[in-house]
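Chemist: Quick one: the structure is below, and I'll ask about it shortly.
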Amino acid sequence: MTTFNQLNLSEQTLKAINKLGFEEATPIQAQTIPLGLAGRDLIGQAPTGTGKTVAFGIPMMENLVSGENATQGLVVTPTRELAVQVGEELNKIASFKQMHCLPIYGGQDIRRQIKALARRPQIIVGTPGRIMDHMRRRTIRLHAIKMVVLDEADEMLNMGFLEDIETILKEVPSERQTLLFSATMPRPIQELAHRFMRNPEIIRVAPKEVTLANTDQHYVEVTENKKFDTLCNLLDMHSPASAIVFGRTKRRVDELAEALNKRGYSAEGIHGDLTQGKRDSVMNQFRSGIVEILVATDVAARGLDIGGVTHVYNFDIPQDPESYVHRIGRTGRAGRSGEAITFITPRELPHLRLIEQLTKRKIQRQPAPSLHEALIGQQQVTVERLLRAVEDEASSQYRSTAESLLDQGDSVSLLSAALKLLTKEPNTTPVRLTEEKPLRSSQSRNQRNDRNKPKDFYPRKKHRSSRPRNKWSKNNKS
Ligand code: ADP
Ligand code: MG
(Lines give C-alpha, C1' and ligand atoms only; values in the text may rest on other atoms or scores of the structure.)
(Ligands and ions follow the chains in the order given, each with its own letter.)
Protein backbone atom coordinates (compact mmCIF):
# COMPACT_ATOMS: atom_id res chain seq x y z
CA MET A 1 0.00 0.00 0.00
CA THR A 2 1.27 3.44 -0.91
CA THR A 3 -0.08 6.60 0.65
CA PHE A 4 0.28 9.92 -1.13
CA ASN A 5 2.48 11.10 1.74
CA GLN A 6 5.11 8.59 0.65
CA LEU A 7 5.35 10.00 -2.85
CA ASN A 8 7.42 13.12 -2.13
CA LEU A 9 4.80 15.56 -3.29
CA SER A 10 4.72 19.30 -2.71
CA GLU A 11 2.67 20.54 0.20
CA GLN A 12 0.13 22.16 -2.12
CA THR A 13 -0.46 18.98 -4.08
CA LEU A 14 -0.79 16.90 -0.92
CA LYS A 15 -3.29 19.37 0.39
CA ALA A 16 -5.32 19.16 -2.82
CA ILE A 17 -5.28 15.35 -2.79
CA ASN A 18 -6.38 15.46 0.82
CA LYS A 19 -9.22 17.73 -0.09
CA LEU A 20 -10.27 15.26 -2.79
CA GLY A 21 -10.41 12.68 -0.01
CA PHE A 22 -7.92 10.22 -1.50
CA GLU A 23 -5.83 8.35 1.02
CA GLU A 24 -4.14 5.56 -0.80
CA ALA A 25 -2.67 5.73 -4.28
CA THR A 26 -4.14 3.20 -6.69
CA PRO A 27 -1.63 0.66 -8.09
CA ILE A 28 -1.20 2.53 -11.39
CA GLN A 29 -0.69 5.79 -9.48
CA ALA A 30 1.81 4.29 -7.04
CA GLN A 31 3.86 2.92 -9.91
CA THR A 32 3.72 5.77 -12.41
CA ILE A 33 3.88 8.88 -10.22
CA PRO A 34 7.52 8.42 -9.09
CA LEU A 35 8.63 7.87 -12.70
CA GLY A 36 6.58 10.83 -13.87
CA LEU A 37 8.11 13.04 -11.19
CA ALA A 38 11.55 11.93 -12.30
CA GLY A 39 10.81 13.21 -15.79
CA ARG A 40 10.61 9.82 -17.48
CA ASP A 41 8.46 9.12 -20.52
CA LEU A 42 5.98 6.47 -19.59
CA ILE A 43 3.20 4.25 -20.79
CA GLY A 44 0.54 3.42 -18.26
CA GLN A 45 -1.83 0.61 -19.05
CA ALA A 46 -4.62 0.04 -16.58
CA PRO A 47 -8.34 -0.59 -16.81
CA THR A 48 -11.01 2.07 -16.70
CA GLY A 49 -11.68 3.53 -13.28
CA THR A 50 -8.25 2.98 -11.79
CA GLY A 51 -7.34 6.63 -11.40
CA LYS A 52 -5.20 7.31 -14.45
CA THR A 53 -6.10 11.01 -14.44
CA VAL A 54 -4.41 11.56 -11.11
CA ALA A 55 -1.52 9.36 -12.28
CA PHE A 56 -0.60 11.97 -14.89
CA GLY A 57 -2.17 14.94 -13.13
CA ILE A 58 0.20 14.87 -10.19
CA PRO A 59 3.42 14.76 -12.24
CA MET A 60 2.04 17.64 -14.32
CA MET A 61 1.41 19.76 -11.25
CA GLU A 62 4.83 19.00 -9.83
CA ASN A 63 6.95 19.23 -12.99
CA LEU A 64 5.41 22.33 -14.52
CA VAL A 65 6.09 25.78 -13.17
CA SER A 66 3.25 27.21 -11.14
CA GLY A 67 2.43 30.80 -12.02
CA GLU A 68 4.54 30.90 -15.18
CA ASN A 69 2.55 32.60 -17.87
CA ALA A 70 2.96 30.01 -20.62
CA THR A 71 1.24 26.84 -21.73
CA GLN A 72 3.51 24.07 -20.54
CA GLY A 73 1.25 21.03 -20.48
CA LEU A 74 -1.00 19.52 -23.15
CA VAL A 75 -3.42 16.66 -22.56
CA VAL A 76 -5.10 15.08 -25.57
CA THR A 77 -8.34 13.18 -24.97
CA PRO A 78 -10.69 11.41 -27.38
CA THR A 79 -13.99 13.08 -26.44
CA ARG A 80 -15.34 16.41 -25.32
CA GLU A 81 -16.80 14.94 -22.15
CA LEU A 82 -13.42 13.56 -21.19
CA ALA A 83 -11.73 16.87 -21.91
CA VAL A 84 -14.14 18.54 -19.51
CA GLN A 85 -13.84 15.83 -16.90
CA VAL A 86 -10.05 15.67 -17.00
CA GLY A 87 -9.90 19.47 -16.94
CA GLU A 88 -12.02 19.57 -13.81
CA GLU A 89 -9.94 16.94 -12.06
CA LEU A 90 -6.67 18.68 -12.95
CA ASN A 91 -8.00 22.00 -11.70
CA LYS A 92 -8.87 20.31 -8.43
CA ILE A 93 -5.35 18.92 -8.07
CA ALA A 94 -4.05 22.41 -8.89
CA SER A 95 -6.32 24.20 -6.45
CA PHE A 96 -3.45 25.29 -4.18
CA LYS A 97 -1.14 26.27 -7.02
CA GLN A 98 -1.21 28.99 -9.60
CA MET A 99 -1.93 26.54 -12.30
CA HIS A 100 -4.88 26.77 -14.60
CA CYS A 101 -6.14 24.05 -16.85
CA LEU A 102 -8.32 24.97 -19.83
CA PRO A 103 -10.46 22.42 -21.65
CA ILE A 104 -10.99 23.05 -25.37
CA TYR A 105 -13.23 20.99 -27.57
CA GLY A 106 -15.45 21.15 -30.60
CA GLY A 107 -18.93 22.50 -30.17
CA GLN A 108 -17.78 25.22 -27.83
CA ASP A 109 -17.72 28.81 -29.03
CA ILE A 110 -14.34 29.24 -30.70
CA ARG A 111 -14.01 32.98 -30.02
CA ARG A 112 -14.38 32.40 -26.32
CA GLN A 113 -11.77 29.68 -26.55
CA ILE A 114 -9.41 31.98 -28.40
CA LYS A 115 -9.76 34.58 -25.65
CA ALA A 116 -9.19 31.99 -22.95
CA LEU A 117 -6.15 30.63 -24.81
CA ALA A 118 -4.71 34.12 -25.09
CA ARG A 119 -4.49 34.20 -21.30
CA ARG A 120 -2.02 31.30 -21.66
CA PRO A 121 -3.32 28.68 -19.29
CA GLN A 122 -0.52 26.54 -17.89
CA ILE A 123 -2.29 23.40 -19.09
CA ILE A 124 -4.63 22.72 -22.00
CA VAL A 125 -6.82 19.62 -22.27
CA GLY A 126 -8.38 19.15 -25.65
CA THR A 127 -9.72 16.88 -28.32
CA PRO A 128 -7.43 16.35 -31.34
CA GLY A 129 -9.71 18.10 -33.81
CA ARG A 130 -10.05 21.29 -31.80
CA ILE A 131 -6.37 21.42 -30.89
CA MET A 132 -5.47 21.20 -34.58
CA ASP A 133 -8.07 23.83 -35.39
CA HIS A 134 -6.32 26.25 -33.04
CA MET A 135 -2.94 25.23 -34.43
CA ARG A 136 -4.10 26.21 -37.91
CA ARG A 137 -5.48 29.49 -36.64
CA ARG A 138 -2.28 30.05 -34.66
CA THR A 139 -4.32 30.72 -31.57
CA ILE A 140 -2.56 28.11 -29.47
CA ARG A 141 1.10 28.41 -28.49
CA LEU A 142 2.91 25.15 -28.20
CA HIS A 143 6.54 26.32 -28.06
CA ALA A 144 6.75 26.17 -24.26
CA ILE A 145 5.18 22.72 -23.90
CA LYS A 146 7.20 20.54 -21.56
CA MET A 147 4.73 17.71 -21.03
CA VAL A 148 2.28 15.96 -23.31
CA VAL A 149 -0.24 13.40 -22.13
CA LEU A 150 -2.19 11.13 -24.46
CA ASP A 151 -5.17 9.97 -22.44
CA GLU A 152 -7.28 6.97 -23.49
CA ALA A 153 -4.92 6.39 -26.39
CA ASP A 154 -6.71 3.21 -27.50
CA GLU A 155 -9.97 5.05 -27.75
CA MET A 156 -8.34 7.80 -29.83
CA LEU A 157 -7.11 5.08 -32.14
CA ASN A 158 -10.61 3.59 -32.38
CA MET A 159 -12.00 6.96 -33.26
CA GLY A 160 -9.50 7.43 -36.06
CA PHE A 161 -7.44 10.17 -34.42
CA LEU A 162 -4.04 8.55 -34.88
CA GLU A 163 -2.90 10.87 -37.68
CA ASP A 164 -4.12 13.93 -35.83
CA ILE A 165 -2.12 12.91 -32.80
CA GLU A 166 0.99 12.48 -34.93
CA THR A 167 0.45 15.94 -36.39
CA ILE A 168 0.16 17.41 -32.91
CA LEU A 169 3.18 15.55 -31.57
CA LYS A 170 5.29 16.82 -34.48
CA GLU A 171 4.37 20.40 -33.59
CA VAL A 172 5.29 20.35 -29.91
CA PRO A 173 8.94 20.74 -28.87
CA SER A 174 10.77 17.42 -29.00
CA GLU A 175 12.46 18.24 -25.70
CA ARG A 176 9.52 17.21 -23.66
CA GLN A 177 8.14 14.51 -21.40
CA THR A 178 5.45 12.32 -22.94
CA LEU A 179 3.01 10.20 -20.98
CA LEU A 180 0.61 7.81 -22.62
CA PHE A 181 -2.33 6.18 -20.85
CA SER A 182 -4.56 3.50 -22.21
CA ALA A 183 -6.74 0.64 -21.05
CA THR A 184 -5.44 -1.60 -23.81
CA MET A 185 -2.25 -1.54 -25.87
CA PRO A 186 -2.98 -2.45 -29.49
CA ARG A 187 -0.07 -2.51 -31.90
CA PRO A 188 -0.59 0.92 -33.54
CA ILE A 189 -0.38 2.50 -30.10
CA GLN A 190 2.85 0.67 -29.36
CA GLU A 191 4.23 1.93 -32.66
CA LEU A 192 3.14 5.47 -31.91
CA ALA A 193 4.90 5.23 -28.56
CA HIS A 194 8.02 3.89 -30.21
CA ARG A 195 8.16 6.80 -32.65
CA PHE A 196 7.28 9.67 -30.38
CA MET A 197 8.50 8.73 -26.93
CA ARG A 198 11.96 8.54 -25.45
CA ASN A 199 12.71 5.15 -23.98
CA PRO A 200 9.36 4.94 -22.22
CA GLU A 201 8.94 2.90 -19.08
CA ILE A 202 5.93 0.62 -19.37
CA ILE A 203 3.72 0.14 -16.34
CA ARG A 204 0.96 -2.38 -16.60
CA VAL A 205 -1.77 -3.10 -14.08
CA ALA A 206 -3.70 -6.26 -14.83
CA PRO A 207 -7.40 -5.77 -15.46
CA LYS A 208 -9.10 -8.40 -13.40
CA GLU A 209 -7.94 -7.44 -9.93
CA VAL A 210 -9.37 -3.98 -10.28
CA THR A 211 -12.29 -3.38 -12.54
CA LEU A 212 -14.72 -6.18 -12.28
CA ALA A 213 -14.06 -7.44 -8.78
CA ASN A 214 -16.85 -5.45 -7.17
CA THR A 215 -19.47 -6.19 -9.77
CA ASP A 216 -21.95 -9.05 -9.81
CA GLN A 217 -22.28 -10.19 -13.38
CA HIS A 218 -25.25 -12.06 -14.78
CA TYR A 219 -26.81 -12.69 -18.11
CA VAL A 220 -30.40 -13.25 -19.10
CA GLU A 221 -31.24 -15.25 -22.19
CA VAL A 222 -34.03 -13.41 -23.94
CA THR A 223 -35.39 -13.06 -27.46
CA GLU A 224 -35.16 -9.70 -29.16
CA ASN A 225 -38.88 -8.93 -28.81
CA LYS A 226 -38.92 -9.71 -25.08
CA LYS A 227 -35.92 -7.56 -24.24
CA PHE A 228 -37.80 -4.40 -23.39
CA ASP A 229 -40.33 -5.96 -21.05
CA THR A 230 -37.51 -7.84 -19.39
CA LEU A 231 -35.62 -4.60 -18.89
CA CYS A 232 -38.65 -2.94 -17.32
CA ASN A 233 -39.21 -5.88 -15.00
CA LEU A 234 -35.58 -5.78 -13.93
CA LEU A 235 -35.72 -2.04 -13.35
CA ASP A 236 -38.82 -2.49 -11.22
CA MET A 237 -37.20 -5.31 -9.30
CA HIS A 238 -33.96 -3.45 -8.64
CA SER A 239 -35.20 0.14 -8.44
CA PRO A 240 -31.67 1.36 -9.16
CA ALA A 241 -30.90 4.88 -8.01
CA SER A 242 -28.62 5.34 -10.97
CA ALA A 243 -28.34 2.97 -13.90
CA ILE A 244 -26.86 2.86 -17.38
CA VAL A 245 -28.52 0.93 -20.19
CA PHE A 246 -26.23 0.23 -23.13
CA GLY A 247 -27.64 -0.03 -26.62
CA ARG A 248 -25.79 -1.00 -29.76
CA THR A 249 -26.76 1.85 -32.04
CA LYS A 250 -27.82 5.48 -31.87
CA ARG A 251 -31.26 4.57 -33.07
CA ARG A 252 -31.50 1.99 -30.35
CA VAL A 253 -30.54 4.53 -27.72
CA ASP A 254 -33.13 7.04 -28.93
CA GLU A 255 -35.89 4.47 -29.07
CA LEU A 256 -35.04 2.97 -25.70
CA ALA A 257 -34.95 6.32 -23.93
CA GLU A 258 -38.28 7.25 -25.42
CA ALA A 259 -39.86 3.89 -24.60
CA LEU A 260 -38.62 4.03 -21.00
CA ASN A 261 -40.16 7.46 -20.57
CA LYS A 262 -43.44 6.17 -21.96
CA ARG A 263 -43.41 3.60 -19.21
CA GLY A 264 -42.83 6.20 -16.53
CA TYR A 265 -39.08 5.95 -15.94
CA SER A 266 -36.88 8.99 -15.97
CA ALA A 267 -34.42 8.19 -18.73
CA GLU A 268 -32.31 10.16 -21.18
CA GLY A 269 -30.19 8.97 -24.07
CA ILE A 270 -26.65 10.00 -24.94
CA HIS A 271 -24.74 9.36 -28.16
CA GLY A 272 -22.47 11.08 -30.60
CA ASP A 273 -25.14 12.81 -32.68
CA LEU A 274 -26.47 15.01 -29.92
CA THR A 275 -25.36 18.61 -29.70
CA GLN A 276 -22.76 19.42 -27.10
CA GLY A 277 -25.30 21.41 -25.09
CA LYS A 278 -27.69 18.50 -25.01
CA ARG A 279 -24.95 16.05 -23.99
CA ASP A 280 -23.80 18.33 -21.20
CA SER A 281 -27.29 18.79 -19.88
CA VAL A 282 -28.05 15.05 -19.98
CA MET A 283 -24.83 14.29 -18.11
CA ASN A 284 -25.54 16.96 -15.51
CA GLN A 285 -29.06 15.67 -14.98
CA PHE A 286 -27.77 12.15 -14.61
CA ARG A 287 -25.00 13.09 -12.20
CA SER A 288 -27.38 15.08 -10.03
CA GLY A 289 -29.94 12.27 -10.00
CA ILE A 290 -32.71 14.07 -11.86
CA VAL A 291 -32.36 11.45 -14.56
CA GLU A 292 -32.17 7.95 -13.10
CA ILE A 293 -31.41 5.99 -16.22
CA LEU A 294 -28.81 6.92 -18.78
CA VAL A 295 -29.17 5.12 -22.10
CA ALA A 296 -25.89 5.19 -23.99
CA THR A 297 -23.85 3.87 -26.86
CA ASP A 298 -20.35 2.58 -26.12
CA VAL A 299 -18.70 5.56 -27.74
CA ALA A 300 -20.71 8.08 -25.75
CA ALA A 301 -19.98 6.46 -22.43
CA ARG A 302 -16.37 5.42 -22.92
CA GLY A 303 -14.04 6.77 -20.31
CA LEU A 304 -16.61 8.94 -18.58
CA ASP A 305 -16.31 8.87 -14.84
CA ILE A 306 -19.84 8.54 -13.65
CA GLY A 307 -19.92 8.00 -9.93
CA GLY A 308 -22.46 6.02 -8.00
CA VAL A 309 -23.81 3.86 -10.80
CA THR A 310 -25.29 0.78 -9.16
CA HIS A 311 -26.60 -1.09 -12.20
CA VAL A 312 -25.46 -1.59 -15.76
CA TYR A 313 -27.83 -3.24 -18.20
CA ASN A 314 -26.41 -4.41 -21.50
CA PHE A 315 -29.59 -4.27 -23.52
CA ASP A 316 -27.49 -5.34 -26.48
CA ILE A 317 -24.34 -7.35 -26.02
CA PRO A 318 -21.33 -5.27 -27.09
CA GLN A 319 -19.69 -5.94 -30.43
CA ASP A 320 -16.29 -6.18 -28.93
CA PRO A 321 -15.53 -8.15 -25.75
CA GLU A 322 -13.31 -5.31 -24.60
CA SER A 323 -16.26 -2.95 -24.67
CA TYR A 324 -17.90 -5.22 -22.14
CA VAL A 325 -15.09 -4.52 -19.71
CA HIS A 326 -15.42 -0.80 -20.29
CA ARG A 327 -19.16 -0.87 -19.80
CA ILE A 328 -19.00 -2.86 -16.61
CA GLY A 329 -16.21 -0.58 -15.43
CA ARG A 330 -18.93 2.08 -14.98
CA THR A 331 -20.21 0.30 -11.90
CA GLY A 332 -18.64 -1.09 -8.79
CA ARG A 333 -16.02 1.66 -8.76
CA ALA A 334 -13.87 2.72 -5.86
CA GLY A 335 -14.85 -0.05 -3.51
CA ARG A 336 -18.60 0.16 -4.05
CA SER A 337 -20.44 -2.87 -5.34
CA GLY A 338 -22.48 -2.97 -8.50
CA GLU A 339 -24.56 -5.23 -10.63
CA ALA A 340 -24.31 -5.88 -14.33
CA ILE A 341 -26.88 -7.74 -16.39
CA THR A 342 -26.37 -8.62 -20.05
CA PHE A 343 -29.16 -9.60 -22.41
CA ILE A 344 -28.21 -12.40 -24.73
CA THR A 345 -30.35 -13.58 -27.58
CA PRO A 346 -29.93 -17.33 -28.15
CA ARG A 347 -27.70 -16.87 -31.19
CA GLU A 348 -25.36 -14.61 -29.32
CA LEU A 349 -24.24 -17.15 -26.75
CA PRO A 350 -20.83 -17.63 -28.42
CA HIS A 351 -20.15 -13.93 -27.79
CA LEU A 352 -20.74 -14.42 -24.13
CA ARG A 353 -18.05 -17.10 -24.11
CA LEU A 354 -15.59 -14.70 -25.72
CA ILE A 355 -16.30 -12.17 -22.99
CA GLU A 356 -15.81 -14.82 -20.34
CA GLN A 357 -12.47 -15.76 -21.90
CA LEU A 358 -11.33 -12.17 -21.86
CA THR A 359 -12.44 -11.39 -18.33
CA LYS A 360 -11.49 -14.82 -17.03
CA ARG A 361 -14.74 -14.92 -15.12
CA LYS A 362 -17.86 -16.92 -15.56
CA ILE A 363 -20.99 -14.89 -16.05
CA GLN A 364 -23.88 -16.55 -14.27
CA ARG A 365 -27.16 -17.18 -15.99
CA GLN A 366 -30.22 -15.71 -14.38
CA PRO A 367 -33.84 -16.37 -15.38
CA ALA A 368 -35.79 -13.45 -16.80
CA PRO A 369 -37.86 -11.91 -14.02
CA SER A 370 -41.64 -12.15 -14.26
CA LEU A 371 -44.14 -9.35 -13.99
CA HIS A 372 -44.95 -10.73 -10.56
CA GLU A 373 -41.34 -10.39 -9.40
CA ALA A 374 -41.32 -6.87 -10.75
CA LEU A 375 -44.38 -6.07 -8.68
CA ILE A 376 -42.83 -7.59 -5.58
CA GLY A 377 -39.77 -5.39 -6.20
CA GLN A 378 -41.91 -2.28 -6.43
CA GLN A 379 -43.86 -3.23 -3.32
CA GLN A 380 -40.58 -3.58 -1.50
CA VAL A 381 -39.69 -0.04 -2.55
CA THR A 382 -42.98 1.21 -1.13
CA VAL A 383 -42.49 -0.71 2.11
CA GLU A 384 -39.06 0.84 2.53
CA ARG A 385 -40.45 4.31 1.89
CA LEU A 386 -43.19 3.67 4.38
CA LEU A 387 -40.80 2.47 7.07
CA ARG A 388 -38.57 5.49 6.50
CA ALA A 389 -41.57 7.77 6.83
CA VAL A 390 -42.47 6.11 10.15
CA GLU A 391 -38.93 6.72 11.39
CA ASP A 392 -38.98 10.34 10.28
CA GLU A 393 -42.15 10.90 12.27
CA ALA A 394 -43.06 13.41 9.60
CA SER A 395 -46.52 11.89 9.41
CA SER A 396 -47.78 13.02 12.81
CA GLN A 397 -50.38 15.34 11.27
CA TYR A 398 -51.99 12.27 9.73
CA ARG A 399 -52.52 10.43 12.99
CA SER A 400 -56.06 11.44 13.78
CA THR A 401 -57.22 10.69 10.24
CA ALA A 402 -55.54 7.30 10.53
CA GLU A 403 -57.27 6.59 13.80
CA SER A 404 -60.71 7.41 12.43
CA LEU A 405 -59.96 5.30 9.32
CA LEU A 406 -59.30 2.32 11.57
CA ASP A 407 -62.89 2.56 12.76
CA GLN A 408 -64.02 1.90 9.20
CA GLY A 409 -61.93 -1.13 8.30
CA ASP A 410 -59.39 -3.59 9.59
CA SER A 411 -55.76 -2.51 9.63
CA VAL A 412 -54.52 -5.08 7.10
CA SER A 413 -57.10 -4.12 4.46
CA LEU A 414 -56.38 -0.45 4.98
CA LEU A 415 -52.62 -0.86 4.82
CA SER A 416 -52.85 -3.07 1.71
CA ALA A 417 -54.94 -0.43 -0.02
CA ALA A 418 -52.43 2.25 0.96
CA LEU A 419 -49.56 0.11 -0.34
CA LYS A 420 -51.37 -0.38 -3.61
CA LEU A 421 -51.90 3.34 -4.03
CA LEU A 422 -48.27 4.10 -3.23
CA THR A 423 -46.76 1.39 -5.38
CA LYS A 424 -45.75 2.08 -8.95
CA GLU A 425 -47.17 -1.01 -10.54
CA PRO A 426 -45.39 -2.45 -13.55
CA ASN A 427 -46.45 -0.45 -16.52
CA THR A 428 -47.25 -2.32 -19.70
CA THR A 429 -47.85 0.59 -22.06
CA PRO A 430 -47.13 -0.84 -25.51
CA VAL A 431 -43.91 0.43 -27.09
CA ARG A 432 -42.22 -0.38 -30.37
CA LEU A 433 -38.52 -0.83 -30.86
CA THR A 434 -36.84 -1.44 -34.18
CA GLU A 435 -35.29 -4.86 -34.18
CA GLU A 436 -31.51 -5.13 -34.06
CA LYS A 437 -29.91 -8.06 -35.81
CA PRO A 438 -28.09 -10.38 -33.44
CA LEU A 439 -24.33 -10.33 -33.66
CA ARG A 440 -22.93 -13.12 -35.75
CA SER A 441 -20.16 -15.04 -34.10
CA SER A 442 -17.95 -14.97 -37.18
CA GLN A 443 -17.54 -11.24 -36.53
CA SER A 444 -16.37 -11.82 -33.05
CA ARG A 445 -12.63 -11.60 -32.61
CA ASN A 446 -11.84 -9.78 -35.83
CA GLN A 447 -13.71 -6.71 -34.69
CA ARG A 448 -10.47 -5.06 -33.79
CA ASN A 449 -9.46 -4.80 -37.42
CA ASP A 450 -12.39 -2.69 -38.42
CA ARG A 451 -12.55 -0.66 -35.31
CA ASN A 452 -12.06 2.54 -37.19
CA LYS A 453 -15.56 2.17 -38.45
CA PRO A 454 -18.01 4.11 -36.36
CA LYS A 455 -19.67 1.87 -33.80
CA ASP A 456 -23.08 3.39 -34.34
CA PHE A 457 -24.31 2.22 -37.67
CA TYR A 458 -27.64 3.95 -37.96
CA PRO A 459 -28.23 7.60 -38.69
CA ARG A 460 -30.56 9.28 -36.28
CA LYS A 461 -34.01 9.72 -37.69
CA LYS A 462 -35.18 12.67 -35.70
CA HIS A 463 -34.36 14.46 -32.51
CA ARG A 464 -36.43 13.59 -29.54
CA SER A 465 -38.08 16.51 -27.84
CA SER A 466 -35.81 17.92 -25.21
CA ARG A 467 -38.60 18.97 -22.91
CA PRO A 468 -37.34 18.83 -19.35
CA ARG A 469 -38.52 15.88 -17.41
CA ASN A 470 -39.14 16.06 -13.75
CA LYS A 471 -38.60 12.81 -12.02
CA TRP A 472 -41.11 13.62 -9.31
CA SER A 473 -43.95 14.38 -11.65
CA LYS A 474 -43.33 11.38 -13.89
CA ASN A 475 -44.14 8.73 -11.34
CA ASN A 476 -44.59 8.24 -7.66
CA LYS A 477 -41.34 6.41 -7.13
CA SER A 478 -38.85 8.10 -4.84
P1 ADP B 1 -9.40 6.11 -15.33
O2 ADP B 1 -8.87 7.27 -16.11
O3 ADP B 1 -8.35 5.10 -14.98
O4 ADP B 1 -10.59 5.47 -15.98
P5 ADP B 1 -10.23 8.12 -13.44
O6 ADP B 1 -9.00 8.92 -13.43
O7 ADP B 1 -11.37 8.65 -14.24
O8 ADP B 1 -9.93 6.62 -13.91
O9 ADP B 1 -10.65 7.87 -11.92
C10 ADP B 1 -11.79 7.14 -11.54
C11 ADP B 1 -12.34 7.66 -10.22
O12 ADP B 1 -11.49 7.31 -9.13
C13 ADP B 1 -12.48 9.17 -10.17
O14 ADP B 1 -13.70 9.51 -9.54
C15 ADP B 1 -11.31 9.62 -9.31
O16 ADP B 1 -11.59 10.85 -8.67
C17 ADP B 1 -11.19 8.47 -8.34
N18 ADP B 1 -9.83 8.29 -7.81
C19 ADP B 1 -8.67 8.51 -8.45
N20 ADP B 1 -7.62 8.22 -7.65
C21 ADP B 1 -8.14 7.81 -6.48
C22 ADP B 1 -7.55 7.39 -5.24
N23 ADP B 1 -6.24 7.31 -5.09
N24 ADP B 1 -8.40 7.04 -4.24
C25 ADP B 1 -9.73 7.10 -4.42
N26 ADP B 1 -10.35 7.50 -5.55
C27 ADP B 1 -9.56 7.84 -6.57
MG1 MG C 1 -9.18 8.11 -17.84
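Chemist: Run down the aspartates and glutamates and flag those whose C-alpha is under 16 Å from the C-alpha of K424, throwing out any fewer than 8 positions away in its chain.
Modeler: Once the sequence-local aspartates and glutamates are set aside, what remains near K424 is D229, D236, E292, E373, E384.
Chemist: Angle between the Cα long axis of helix 128-137 and the longest principal axis of the chain, 0 to 90 degrees, nearest 10?
Modeler: 50
Chemist: Still on this structure: Going down the list K262/K360; K170/K278; K115/K250; K52/K227; K92/K362; K52/K170, which pairs span over 27 Å between their C-alpha atoms? Intermediate results must be reported in sequence, preceding the final value.
Modeler: Details: K262/K360 39 Å; K170/K278 34 Å; K115/K250 35 Å; K52/K227 36 Å; K92/K362 39 Å; K52/K170 25 Å.
Result: K262/K360; K170/K278; K115/K250; K52/K227; K92/K362 exceed 27 Å.
Chemist: Figure the gain on full extension for S370 and M185 (residue separation times 0.36 nm, minus the Cα-Cα span) and round it to one decimal in nm. Show your work: numbers first, answer last.
Modeler: Values: separation 185, 0.36 × 185 = 66.60 nm, distance 4.24 nm.
Difference between extended and current length: 62.4 nm.
Chemist: Projected onto the charge dipole of the chain (+1 at Lys/Arg Cβ, -1 at Asp/Glu Cβ, origin at the Cα centre), which of I306, P200, A402 gives the Cα projection farthest towards the positive end?
Modeler: P200
Chemist: A further question on this structure: Keeping all protein chains in place and using 1.4 angstrom, which order do K437, K15, K278, K170 fall into by accessible surface area, from largest down? List each step's numbers first, then the result.
Modeler: Working: K437 155, K15 110, K278 45, K170 135 Å².
Ranked from most to least accessible, the order is K437, K170, K15, K278.
Chemist: Hey, another quick one. Kindly report, to the nearest 10 Å², the accessible surface of R361 as traced by a 1.4 Å probe over protein heavy atoms only.
Modeler: Its heavy atoms expose roughly 80 Å² to the probe.
Chemist: Something else now. How much accessible area does H372 have with a 1.4 Å probe, in Å² rounded to the nearest 10?
Modeler: Ignoring ligands and nucleic acids, H372 comes out at about 120 Å².
Chemist: Here is a further query. Place a +1 charge on the Cβ of each Lys and Arg in the chain and a -1 charge on the Cβ of each Asp and Glu, then give the dipole magnitude about the Cα centre in debye, rounded to the nearest 20. Kindly include the intermediate steps, with their values, before the conclusion.
Modeler: On the way: 69 positive and 56 negative charges, 314 e Å.
Roughly 1500 debye for the chain.
Chemist: Please give the solvent-accessible surface of R141 in Å², to the nearest 10, using a probe radius of 1.4 Å with every protein chain present.
Modeler: So the heavy atoms of R141 present about 130 Å² to solvent.
Chemist: Below 12 Å, Cα to Cα, which aspartates and glutamates can K226 reach? Residues fewer than 8 away in the same chain don't count.
Modeler: Excluding near neighbours in sequence, the set is E435.
Chemist: Using alpha-carbon positions, what is the distance between the centroids of segment 263-286 and segment 83-134, in Å?
Modeler: With segment 263-286 and segment 83-134 each reduced to a Cα centre, they are spaced 23 Å.
Chemist: Full extension from S416 to N199: what is 0.36 nm times the residue separation minus their Cα-Cα distance, to one decimal in nm?
Modeler: Working: separation 217, 0.36 × 217 = 78.12 nm, distance 7.09 nm.
That pair, S416 and N199, stretches by 71.0 nm at full extension.
The values are calculated or read from the model by the stated rules, or taken from the named source; none is laboratory data. All of these numbers come straight from a predicted model, not from anything done at the bench. For neighbour counting, all protein chains shown are included, and Cβ atoms are generated from backbone atoms with ideal geometry for every residue, glycine included. For accessibility, only protein heavy atoms count, side chains too; no ligands or nucleic acids. Shrake-Rupley method; radii C 1.70, N 1.55, O 1.52, S 1.80 Å.
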